[in-house]
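The structure appears below as structure tokens.
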Amino acid sequence: MHKLYKRDNEKLYYREMWYEKENACLVRHHGEVGDEGETEVVSLSLDAEQSTETQVKTQVDSHMADFIKEGMAAGYTPFDDKDKHWLAIQIPLREAVGTHETFDFLKDVEGYVSEKLGWNGLGEMDGHDIGNGKINVFCLVVDAALAVALLQSALSPEYDEWFKHIKIATRPNDSDIDYQLKYAADGDPDFDIF
């Protein structure tokens, strides 16, 4: 996947492209950060019976290079990692130690968060930890305020009992400062990753 960004006045825009092997196509996705944007499917011109992995790779690489060249000409560039923010979603466990239900729930949350952030040009899920009675899901985002607002709505307690005590905190990527709580579903102001 290749993702590029452009700031125009106060708005941030994204464009990304990835290859879908199962459909033998490329997907172009673009829009304003925080919105789902638009999607376009780019078919590869291959003879399904005679195409080789090398031919597919050559076409994909060519389309990707054109995509990057077009984006750069329009003022899009890769987003600098130092300007990104870490976002932590914290969900209390129902029991002292994780169970199969906990891990199934975590897998669902990670998939949902990854989908929400990705389709809105905001970033990606980067991992998790479980300990001290909490699940922490970590994400790297390009706009912390928009990501918090999106996830606050998407992970609302009205959708799942687990979200009644959810907390969302952020910190700059290039800093060692502690996470700053941005949202607590139950209003509890205490937040600690560990």
Accessible area per residue, Å², region 62-194 with all protein chains present, probe 1.4 Å: 53 Å²
Accessible area, probe 1.4 Å, largest first, for residues 99, 170: 99, 170
Portion, in percent, of the accessible area of the chain that falls on carbon or sulfur, probe 1.4 Å: 47 percent
Cα gyration tensor category, rounded, prolate or oblate, for region 14-77 with a/c compared to 1.5: oblate
Entries in 6/167; 116/167; 3/182; 84/164; 6/182 that, when Cα-Cα distance is taken, lie over 22 Å: 6/167; 3/182; 84/164; 6/182
Helix-only [θ]222 nm of the chain, DSSP H runs n ≥ 4, -39500 (n - 2.57) each, per residue, nearest 500: -9000 deg cm²/dmol
Region 78-165: translational diffusion in µm²/s, Stokes-Einstein, Kirkwood Rh over Cα pairs, 4 °C, 1.567 mPa s: 96 µm²/s
Area of residue 191 that stays accessible when all protein chains are in place (1.4 Å probe, Å², to 10): 40 Å²
Acute angle (nearest 10 degrees) that the helix 100-119 long axis makes with the longest principal axis of the chain, alpha-carbon atoms: 50 degrees
Estimated distance in nm for a label pair at residue 186 and residue 45, the labels positioned 7 Å out from Cα along Cα-to-Cβ: 6.1 nm
Computed FRET value (nearest 0.05) for residue 25 with residue 115, which takes r as the C-beta separation and R₀ as 22 Å: 0.70
Virtual spin-label span in nm between residue 2 and residue 82, 7 Å along Cα→Cβ: 2.5 nm
Using a Förster distance of 45 Å, the FRET efficiency for residue 99-residue 38 (Cβ separation, nearest 0.05): 0.65
For residue 137, solvent-accessible area (1.4 Å; no DNA, RNA or ligand), Å²: 0 Å²
Label-point separation in nm, residue 9 to residue 107, each point 7 Å along Cα→Cβ: 4.6 nm
Cα pair count fraction exceeding 20 Å, expressed as % - the chain: 61 percent
Charge context of residue 11, other residues only, Cβ under 12 angstrom, K/R +1, D/E -1: -3
Theoretical FRET efficiency, 1/(1+(r/R0)^6), r = Cβ-Cβ of residue 18 and residue 73, R0 25 Å, to 0.05: 0.75
In degrees, nearest ten, helix 53-73 long axis to first principal axis of the chain (Cα): 80 degrees
Exposure rank, largest accessible area first [1, 17, 72; 1.4 Å]: 1, 72, 17
Rounded to 10°, Cα long-axis angle of helix 144-154 versus longest principal axis of the chain: 80 degrees
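The values are calculated or read from the model by the stated rules, or taken from the named source; none is laboratory data. All values derive from a computational prediction rather than experimental measurement. So basically every Cβ, Gly included, is an ideal-geometry build from the backbone, and we count neighbours across all protein chains shown. Only protein heavy atoms, including side chains, enter the accessible area calculation; ligands, DNA and RNA are left aside. Shrake-Rupley method; radii C 1.70, N 1.55, O 1.52, S 1.80 Å.
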